[in-house]
Amino acid sequence: MESFRFKKHILDRFQEHLQQDYEDYCRRHGIDSSAGFGLLTFLIDQELIPPVQIQRYTVRREFRQAYPEQDFHKTQTVHRLADRFQISERTVWSILRGVAEEKI
C-alpha cells in the first residue's frame, strides 16, 4: 500500500511540474496552452519522448496504412517506408520485427 501512495505522489508531482513547465513554455512561444496541440511538441522538446520511440511508432502506424496499398507485399512496403523516411530498409525491418501482423 505504501508503494502505491509513493507512486501516486510522484505521478501527481510530475503532472504538476509538467503542467507548470508547459504553461511557461507556451508563454515564451506565444502558444495557447489550452489548444493542446503544443503539448506534444513540448514533451518532445523536453526529451520526455525519445526520438527512437517516435520513429518506431510512426513506422508501425505508416506500415499499417501502406501494407494494403502495396497489395500486402511486405518487402515493397518496407522499401517504400525506408524511402519515405530516409532510413535504411534494415531499420524498418528491425522496427517491424516481433510485431504480429494482426497488430500491424
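The values are calculated or read from the model by the stated rules, or taken from the named source; none is laboratory data. This structure is a prediction, so every number in the text was calculated from the model and none was measured. With ideal geometry, Cβ positions are generated from the backbone for all residues, glycine too; neighbour counts draw on all protein chains shown. Accessible surface is based on the protein model in full, side chains and every heavy atom, while ligands, DNA and RNA are left aside. Shrake-Rupley method; radii C 1.70, N 1.55, O 1.52, S 1.80 Å.
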inquiry  = Can you find, within segment 1-44, the residue that is least open to solvent (accessible area, probe 1.4 Å) among those that are modelled with pLDDT of 80 or more and among the β-branched types (V, I, T)?
reply    = I31
query = Applying the selection to segment 65-98, what residues are farther than 17 Å from P51 by Cβ, modelled with pLDDT of 95 or more and polar (S, T, N, Q)?
reply = T75, Q76, T77
remark   = Of the residues in segment 49-77, those that are hydrophobic (A, V, I, L, M, F, W, C), loosely packed, with under 12 Cβ neighbours inside 10 Å and over 10 Å from the mean Cα position of the chain (by Cα) number 1
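Does Q20 satisfy the condition of being closer than 30 Å to I95 by Cβ and polar (S, T, N, Q)? Spell out how you get there, then give the answer.
Details: closer than 30 Å to I95 by Cβ: no; polar (S, T, N, Q): yes.
In short, no.
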